[in-house]
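The structure appears right after this line, and notes come after that.
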Amino acid sequence: MAKWGEGDPRWIVEERPDATNVNNWHWTEKNACQWSEDKLKELLKNLKIENDNASCEITEVEKLEGEAVVNNRKGKLIFFYEYDITLKWRGSMNDNDEEAEGKINIPNLSEENRVDEIDVSVSLDKNTEQGYRVKAFMHSVGTVKIKEQLGKYISALKEEFSRGMILPKKGGDSGTINTNDSSVNNLSAGFNIKMQMNTVAKPTTNTVGCKIDTTTITFSHAFQCTAKEFYNVLTVIEMVQAFTQGPAKLEVKKGGKFELFGGNIHGEFLEIVPDQKIVQRWRSKRWPGEHYSNVTILIDQKDDHTSVKVTQTGVPSSEADGTRENWDRYYMDAIKRTFGFGSFIG
């Protein structure tokens, strides 16, 4: 048997005033459910989302289901939280008095996801042209603001429940910890990561005067919307920023410039036939210097859906596969996902 003072220091309690959880060895736990519920409601309810184009507000936290617990094990804090949240919103464009309403669902607020990985889906109660514009604004601007608020919740949770969880050791500090310490997971480190059109960057080279081997790509998609609605997706700035998930520049007129995905895709409009046809001079930043392709987008409304056919000529052969994949991923699939247009099979 060990002599007094020579035993395992984890169990030496005589110099601890409260004689509990010596050296933070034991597992201790705090329930953060009620605090989290109050904090999330404080951060989200009546949240205003505004800019020069639109004004919206979160009117109600309709559903807030989940739990939050903070644990201390061997001097390290572990945060467990998982919430499924539904919000109600309303708002309008500044150039139109028609008000739109809808819901926002956040199904996966948890410690397993960085803030930028949290799903924030926007729905619309009534499908109207103005409603789609407001929804697009909420999807592009509103989701960013909401994620900022969720990031504040995570930071506040760590700060609030770090107090007193790491108890003072013999000759140690007071138990106050830095929430930026490595013992606390920083779940918002990836917030505001910009989406790029291509995953691998290539240096561009000046090939003016050099012959480039090119090819043509063509494909079609079906959308559950009218031709006008799809045309608006590509020509209304709020809707473009919604499905591209970032700032965009757009001058919808012959000779007007456009710039998407942080300038990764840019060009100009060559022809515009509202609700029917868009022709663009189009290039990717990674293509050889000054080389452009021509993109023709034909919009054809059917009885129960709208067919969209894209033909792109002058695509560098070495970039054809990647360009085709990016059209699907960053344009077509993103539009269906953002606006709920989906596709018909048959």
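The values are calculated or read from the model by the stated rules, or taken from the named source; none is laboratory data. Since this is a predicted model, take the numbers as computed values, not measurements. Counting neighbours? That spans all protein chains shown, and the Cβs are built from the backbone with ideal geometry, glycine included. For accessibility, only protein heavy atoms count, side chains too; no ligands or nucleic acids. Shrake-Rupley method; radii C 1.70, N 1.55, O 1.52, S 1.80 Å.
If you check residue 112 against the conditions, is it more than 13 Å from the chain's Cα centre (by Cα) and under 30 Å from residue 28 (Cα atoms)? When the stated conditions are applied, residue 112 passes them. Scanning region 115-145 for residues that are within 23 Å of residue 342 (Cβ to Cβ), within 17 Å of the chain's Cα centre (by Cα) and charged (D, E, K, R) yields a count of 2. From the list 40, 64, 77, 47, the lone residue that is open to solvent by less than 60 Å² (accessible area, probe 1.4 Å) and under 15 Å from residue 138 (Cβ atoms) is 47.
Quick check, is residue 109 in contact (Cβ under 8 Å) with a residue 24 or more places away in the chain, among the aliphatic types (A, V, I, L, M), buried (at least 17 other Cβ atoms within 10 Å of the Cβ) and farther than 29 Å from residue 161 by Cβ?
Numbers: in contact (Cβ under 8 Å) with a residue 24 or more places away in the chain: yes; among the aliphatic types (A, V, I, L, M): yes; buried (at least 17 other Cβ atoms within 10 Å of the Cβ): yes; farther than 29 Å from residue 161 by Cβ: no.
Taking the combined requirement at face value, the residue does not satisfy it.
Note on region 213-254: among residues that are of a type in the set (A, V, I, L, M) and in a loop (DSSP other than H, G, I, E, B), the one that is nearest to residue 326 (Cα to Cα) is 248.
Of the residues making up region 128-144, one or more are surrounded by fewer than 16 Cβ atoms within 10 Å (Cβ to Cβ) and hydroxyl-bearing (Ser, Thr, Tyr). For the criterion of being assigned by the TED database to the domain that holds residue 139 and open to solvent by 60 Å² or more (accessible area, probe 1.4 Å), residue 72 fails. Checking 296, 338, 313, 323 one by one, the residue that is in a strand (DSSP E or B) and in contact (Cβ under 8 Å) with a residue 60 or more places away in the chain is 313 and no other. Of the set (1) open to solvent by 60 Å² or more (accessible area, probe 1.4 Å); (2) modelled with pLDDT of 90 or more; (3) not hydroxyl-bearing (Ser, Thr, Tyr), all apply to residue 87 but (1). In region 255-269, which residues are charged (D, E, K, R) and either in contact with a Leu (Cβ under 7 Å, 6 or more places away or on another chain) or under 21 Å from residue 141 (Cα atoms) (or both)? Within region 255-269, 259 is the sole residue that qualifies. Being at pLDDT below 60, over 18 Å from residue 296 (Cα atoms) and either under 26 Å from the mean Cα position of the chain (by Cα) or open to solvent by less than 20 Å² (accessible area, probe 1.4 Å) (or both) holds for only one residue in 204, 179, and it is 179.
Does residue 134 fit the bill of being in the same structural domain as residue 260 (by the TED database) and modelled with pLDDT of 90 or more? Taking the combined requirement at face value, the residue does not satisfy it.
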